[in-house]
1. Starting from region 168-180, take each residue that is more than 15 Å from SER103 (Cβ to Cβ) and list its partners that are assigned to a loop (DSSP other than H, G, I, E, B) and of a type in the set (Val, Ile, Thr), counting only C-beta distances under 8 angstrom and pairs at least six apart or across chains.
2. Of the residues that make up region 79-91, is at least one modelled with pLDDT of 95 or more, out of contact with any strand residue (DSSP E or B) (no Cβ under 7 Å at 6 or more places or on another chain) and small (Gly, Ala, Ser)?
3. Kindly evaluate GLU49 against the criterion of being within 19 Å of ARG231 (Cα to Cα) and part of a loop (DSSP other than H, G, I, E, B).
4. Run down LEU226, LEU129, LEU125, LEU137 and say which single residue is buried (at least 16 other Cβ atoms within 10 Å of the Cβ) and at pLDDT below 95.
5. Among the residues of region 151-179, write down those that are away from the ligand (no atom under 11 Å from the Cβ), β-branched (Val, Ile, Thr) and modelled with pLDDT of 95 or more.
Amino acid sequence: MPHPFLTWLLAFALALLVHSSPVATDSDANQVPLSVSDSRRVYEYHNGELPPTENTDGWIDPRLNGGRFIDFTTRRLGEPLNIIISALSDPYVLEESGFLDYSKSIGFAGECMGLHYGNIHDADLGDGLGRKPEHMLIRQHYPIIGTCWESVRGGHHFRAWRQNGTLANSGAWFIGASKEKDSSKNHQIDKDGYNVGRDYFVEHATAGSHWQGKWWKAEVEWREGLMPRGRRGINHGIPVDGRVAILKINRL
Ligand SMILES: *[C@@H]1O[C@H](CO)[C@@H](O)[C@H](O)[C@H]1NC(C)=O
């Protein structure tokens, strides 16, 4: 056993070191997940995540400027931004109204009668606008009863943010897609609901679609390394496979 005074001295010195350390944060900041810019020195790329990619066509890696591919659902947890609609797509779908039409063409419709179920999520696309609230929330459309049915029964939905701040003004849509259980489960995400929600969107986009005389077909490029695999930091603790689908939606 070391002398009690020595033990005490050691503890005191350690406390002093931690307190004065540049990486020490106050207790409030501890609640917030680290972003690349907050913590460039201590940031590690876990579970398949790779450093930010430069020179991508039609979108800009949000991580180049402190953003990330996980949205901010709560202070600690987020949902994956698992689809990008590249700015090389049909200019029509890069506008809000055109994108709504496009969403309808692949089996989605706007939020039920303006009622908003679920919280607004923020995302940081590294475009200089910081954490910004979603621009659109789109839910799956059931032809017979309409969008409202989805709100009761659960189903596919996605949130979209446009990368249009001056620091990264690509005009691409960043999308968090997922599949929900029915509302008796309070809009919980299905087991594997993030991967499933993404794949549903991609399958319909690449199969080709049309709406009011406009026809589209998407090309997909799959990317790994933009976000970590697994459930760490993910809302509801549902694991993600870490893949992002980059879609170029061509007008036919
Ligand atoms: C970015 O795009 C969204 C969605 O269309 C729009 O609501 C917002 O005003 C735009 N912001 C800027 C800075 O252009």
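1. That search, which allows pairs on different chains as well, returns ALA168/ILE60; SER170/ILE60; ALA172/ILE60.
2. yes
3. Against the criterion (within 19 Å of ARG231 (Cα to Cα) and part of a loop (DSSP other than H, G, I, E, B)), GLU49 qualifies.
4. Matching residue, one of LEU226, LEU129, LEU125, LEU137: LEU137.
5. Answer for region 151-179, where residues must be away from the ligand (no atom under 11 Å from the Cβ), β-branched (Val, Ile, Thr) and modelled with pLDDT of 95 or more: just ILE175.
The values are calculated or read from the model by the stated rules, or taken from the named source; none is laboratory data. Source: prediction; values computed, not measured. A quick note on method: Cβ atoms are made from the backbone with ideal geometry, for glycine too, and the neighbour counts reach across all protein chains shown.
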